[in-house]
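The values are calculated or read from the model by the stated rules, or taken from the named source; none is laboratory data. This one's a predicted model, so the numbers in the text were calculated from it and none came from an experiment. Virtual Cβ from ideal backbone geometry, glycine too; neighbours counted across all protein chains shown. Keep in mind that these areas ignore ligands, DNA and RNA; they rest on the heavy atoms of the full protein, side chains included. Shrake-Rupley method; radii C 1.70, N 1.55, O 1.52, S 1.80 Å.
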Amino acid sequence: MKFSEMPYSRADLDEAVQEGRRLAERAMEAQSGREQLQIHQEFNRLLGHVRTLRLIASIRRDGDMTDLFYEKENEYYDREMPRFQAVQTEYQKAVCKAPFREYLEKEIGQVPFASMELAAKAFDEKLIPLIQEENKLVARYSKLIASAAIEWEGEILNLSLLGKYMRSADRQVRQAAWGKYASFFTEHGEELDEIYDRLVANRTRQAKLLGYENYIEMGYYLRNRNSYGREQVEELRQQVKKVYVPFAERMHERRRKRLGVEHLYYYDEGVYFPEGNPAPAGTPEEILAAGEQMYTELSKETAGFFRMMRKMELFDVLGRKNKKAGGYMEELPDYKVPFIYANFNGTSGDLDVITHECGHAFQYYVAAEDPVMDHYSYLSMETAEIHSMSMEFFTEPWMNLFFGERGGDYRSMHLEDAVAFVPYGCMVDEFQHIVYGNPEMTPQQRREAWKELEQEYRPHMDPTGCAFLENGGFWQKQLHIFEIPFYYIDYVIAQLCAFQYKIKMDRDYPAAWDSYLKLCRLSGSRFYPELMEAAGLRVPFETGCIGEIVAELEKKL
């Protein structure tokens, strides 16, 4: 069945809430381990069905932010889903205390129980009004960003489509495009500050209602950090500052010389060659066809995966002016298939969709074969992002299909771009720790904090001439800061593991792929450190791990 043919009707959350409560009661009254498992599977199917309907509505709304029908459907879920979340917590508490927990642990593993206990620490029914308000604020941010209508040489572009010109080979063009980009955020700066003020205050109130000092601890529970905590993340950031940032700055200096400029400015960020970055040739359909050839040749598993994605039309990747910004993969549990959403804009970023998001989608495709739904449901994100970021490297041998003679340039650029990301990702994470640790900060104080972090993590980044950047406002464009607090460090942890796969595949590609496929199939059946051990990867928190990665990458660059 094609995605466009998947039927949609609003989930009856009143009925879902009642059914969830019945299952919670049955879980406490189970007479055998087998019955306990059967009830648990019923509850997972209920969750999956509600999630499927909600996501169909969300994906169709994102594809056209002016669609009033799906806008109303999403408002319904934003308003009513917290009630269902309350029942989910009620069930999770019940199953953790259920009479046959030991039997269930043998069947589904210990990870789901650890994750369910964390989830219970981050929710209470008294939070429902605040969560409903939070959902409205997040939707307001998304709609504001999607509303950008920027005039450019007779065209009207959104922020995603403008990105092509912000990385133009012509320095004056990209400076002008950056000016247009910055103007949008300057024009809407007060509204963005107001939205974020209210989000920080809202989330802080939620945390205090649950007895926490601030939102940081609650945020970690919501991100399902079931095998490490704040101390390890802070140590990771310190290692990055000490060992990694000097390495990244040396890379930027080499980039400056390659570009032939005396000094790097903000409008040189993300530009790697004086003749311009390599861009994929062909239409979106031709790019997808090349993707099918690539995945067909990579492995039999990826071949079946990509054919299925195209046959069922599980892509919405063409940039459109009324489309929500960003890109993602979501799973549709009722159909056991993933869906990929993106905004092609004619840059190398289009290939990131065919590699990064397909990495997520491929993992779900493989994991959907596992009869234990919990293994995917409780997959922690620092592991999930390894699947996506590593796929970017595993597909590198096929880049000539997309870039022709500039395939080598793309591979070089992709590695440097990945290297440049790690300090930025840490900066986003530390910024959020500062903000939620000091929720009374004013908008200007937040901007000052961002500017100080820029000096620590990205000293090469010179904002001179752009008031938006000089005033420390760049964080306002990062949707994760508004929508999913404390998620961004998961990308950093995963990127450091993906670098390990890059090093492995350059030595023995088949062995590296076998390890990757094993990791995909293990899904969330083990805790993060155990998954890394099974795949033959080092946990980035380990002392010396980042130093070893830097030493290997320095050789490659």
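Taking amide H atoms as placed 1.01 Å from N in the peptide plane, list the residues 5 or more away in sequence, or in a different chain, whose amide H sits under 5 Å from that of residue 318.
It is 344, by chain and number.
Going toward the positive end of the dipole of the range 249-351, with +1 on Lys and Arg Cβ and -1 on Asp and Glu Cβ, which of 335, 270, 314 do you reach last?
270
In Å and from the alpha-carbon atoms only, list the Rg and Dmax of the range 225-340.
20.6, 56
I'd like the Karplus ³J(HN,Hα) series for the range 410-425: coefficients 6.51, -1.76, 1.60, θ = phi - 60°, whole numbers in Hz, and an x wherever there's a Gly or Pro.
The phi angles translate into 4, 4, 5, 4, 4, 5, 5, 5, 5, 4, 5, 5, 4, x, 4, x Hz.
Pick out, in residue order, every one of the trypsin sites (Lys or Arg not before Pro) in the range 44-133 that is DSSP loop and has at most 10 other C-beta atoms within 10 Å; say none if there are none. All intermediate terms of the calculation are to be shown ahead of the outcome.
Numbers: sites: 45, 51, 54, 60, 61, 72, 79, 83, 93, 97, 101, 106, 121, 126; in loops: 97.
Sparse-neighbourhood loop trypsin sites (Lys or Arg not before Pro): 97.
Any aspartates and glutamates with Cα under 13 Å of the residue 324 Cα? List them, leaving off those in the same chain fewer than 8 positions away.
Hits, sequence-local ones excluded: 62, 64, 67, 71, 316.
How much of the accessible area of the range 40-97, in percent, comes from carbon and sulfur atoms when a 1.4 Å probe is used?
Roughly 52 percent of what the probe reaches on the range 40-97 is carbon or sulfur.
List the residues, sorted by chain then number, that are 5 or more residues from residue 152 or on another chain and whose placed amide H is less than 5 Å from its amide H.
Sorted by chain and number, the residues that satisfy this are 157.
Straight-line reach from residue 241: which lysines have Cα under 16 Å away, leaving out those fewer than 8 places along the same chain?
Straight-line reach from residue 241, under 16 Å: 451.
Only four residue types carry charge here, +1 at the Cβ of Lys and Arg and -1 at the Cβ of Asp and Glu. Report the dipole size of the range 118-182 about the Cα centre in Debye, rounded to the nearest 20.
With Lys and Arg at +1 and Asp and Glu at -1, about 200 debye.
With a probe of 1.4 Å, find how much accessible area the range 209-359 has per residue, and write the answer as a whole number in Å².
Accessible surface, normalised per residue, equals 41 Å².
Cα-based Rg of the range 1-123 per 2.2 N^0.38 Å, rounded to two decimals?
1.21
What list of ³J(HN,Hα) couplings, whole Hz, do you get for the range 94-109 from phi and the Karplus terms 6.51, -1.76, 1.60, once you set θ to phi - 60° and write x for glycine and proline?
Result, rounded to whole Hz: 5, 5, 5, 9, 4, x, 10, 4, 4, 5, 4, 4, 5, 7, 10, x.
Magnitude of the Cβ-charge dipole of the chain, K/R +1 and D/E -1, about the Cα centre, nearest 20 debye?
Charge dipole, the chain, about its Cα centre: 260 debye, nearest 20.
Would you mind computing the Rg to Rh ratio of the range 310-378 from its alpha-carbon coordinates, Kirkwood style for Rh?
Values: Rg = 13.2 Å, Rh = 12.9 Å.
Rounded to two decimals, Rg/Rh equals 1.02.
Starting from the eigenvalues of the Cα gyration tensor, five times each then square-rooted, give me the equivalent ellipsoid semi-axes of the range 268-393, largest first, whole Å.
26, 16, 15
As a test of the definition: which semi-axes, in Å, follow for the range 130-202 when you take the square root of five times each eigenvalue of its alpha carbon gyration tensor? Largest first, please.
That gives 30, 12, 9 Å for the three semi-axes.
Can you list residues from other chains, or at least 5 along the same chain, whose modelled amide H is less than 5 Å from the amide H of residue 332?
It is 337, 339, by chain and number.
Can you work out the Karplus-derived ³J(HN,Hα) for every residue in the range 120-136? Use 6.51 cos²θ - 1.76 cosθ + 1.60 with θ = phi - 60°, whole Hz, and x for glycine or proline.
Using θ = phi - 60°, the values come out as 5, 6, 10, 8, 8, 4, 5, 7, 3, x, 5, 5, 4, 5, 4, 4, 5 Hz.
When a/c reaches 1.5 or more, the comparison of a/b and b/c decides; with that in mind, is the range 438-518 rounded, prolate or oblate per its Cα gyration tensor?
prolate
For residue 97, give me every one of the lysines with a C-alpha distance below 17 angstrom, ignoring sequence neighbours fewer than eight places off in its own chain.
Partners found: 106, 121.
Among 487, 50, 289, which residue has its Cα furthest toward the positive end of the charge dipole of the chain, with +1 on Lys/Arg Cβ and -1 on Asp/Glu Cβ?
With unit charges placed on the Cβ atoms, the residue in question is 289.
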